[in-house]
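Structure, as structure tokens:
The values are calculated or read from the model by the stated rules, or taken from the named source; none is laboratory data. The structure presented is a predicted model; accordingly, all values stated were derived computationally and were not measured. So basically every Cβ, Gly included, is an ideal-geometry build from the backbone, and we count neighbours across all protein chains shown. For accessibility, only protein heavy atoms count, side chains too; no ligands or nucleic acids. Shrake-Rupley method; radii C 1.70, N 1.55, O 1.52, S 1.80 Å.
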Amino acid sequence: MEKPRRPVVVTGFGPFGEHSVNASWIAVQELEKLGLGDDVDLYVYEIPVEYQAVQRLIPALWKKHRPQLVVHVGLSGMATTVTLEKCGHNVGYRGLDNCRFCPGSHCCVEGGPECIDSVIDMDQVCKRISDLDLDVLVTISKDAGRYLCDFTYYTSLYQSHGRSAFVHVPPLGKPYTAEQLGRALQAIIEEMLNVLEH
């Protein structure tokens, strides 16, 4: 019997600040070339680094695709590993976006919980990926940074009751190539789907 097809949405971010090329979107495009297997319908989107665009786009993506999983990929200029984020935070957003805008309330969802954890066991995913001997180091974090990455993650977790994930990647060449990041994303998301199903 044919397995039912599973919709999966993966997003990267557009340029911001000194990052005229955002490694997250490049990595997502590499993932798109590789795919996630025959039974997964992969949809990729580039998200602008703008709070209001995130508030509009993320719920729309959940509504349009009804995905089994949404994975957001973001750039961390400080990272040297590929980092799995465990949770998103609701308050503390004071950094201006590409439109020089910042939410007046400094929060994602007024009245929402302070923090929402992903239903995916990131420790388990990290351990399984480490066992694969990829040429990329994968680590865990509980702080996605209180900027557009964290804002997007929380918005998505709130929308999906925790069926979202966030992966931070380092800038291209510091130390990984686009191809290495694409392969790492493929392995990580395949493991996340496995964890969700068992």
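For the reader, a short list of remarks on this structure follows.
- For residue 32, the criteria (1) open to solvent by 70 Å² or more (accessible area, probe 1.4 Å); (2) over 21 Å from residue 183 (Cβ atoms); (3) at pLDDT 95 or above; (4) not β-branched (Val, Ile, Thr) hold in every case but one, which is (2).
- Residue 165 touching a strand residue (DSSP E or B) at 6+ places or on another chain (Cβ under 6 Å), open to solvent by less than 30 Å² (accessible area, probe 1.4 Å), closer than 20 Å to residue 17 by Cβ and not in a helix (DSSP H, G or I): no
- Verdict on residue 56 being closer than 15 Å to residue 156 by Cβ, loosely packed, with under 14 Cβ neighbours inside 10 Å and either touching a His at 6+ places or on another chain (Cβ under 9 Å) or of a type in the set (D, E, K, R) (or both): yes
- Residues that are within 17 Å of residue 44 (Cβ to Cβ) and either open to solvent by less than 40 Å² (accessible area, probe 1.4 Å) or of a type in the set (S, T, N, Q) (or both) within segment 170-186 comprise 178, 181, 182, 184, 185, 186, listed in sequence order.
- For segment 15-35, the criterion of being out of contact with any Ser or Thr (no Cβ under 7 Å at 6 or more places or on another chain), under 15 Å from residue 187 (Cα atoms) and in a loop (DSSP other than H, G, I, E, B) is met by at least one residue.
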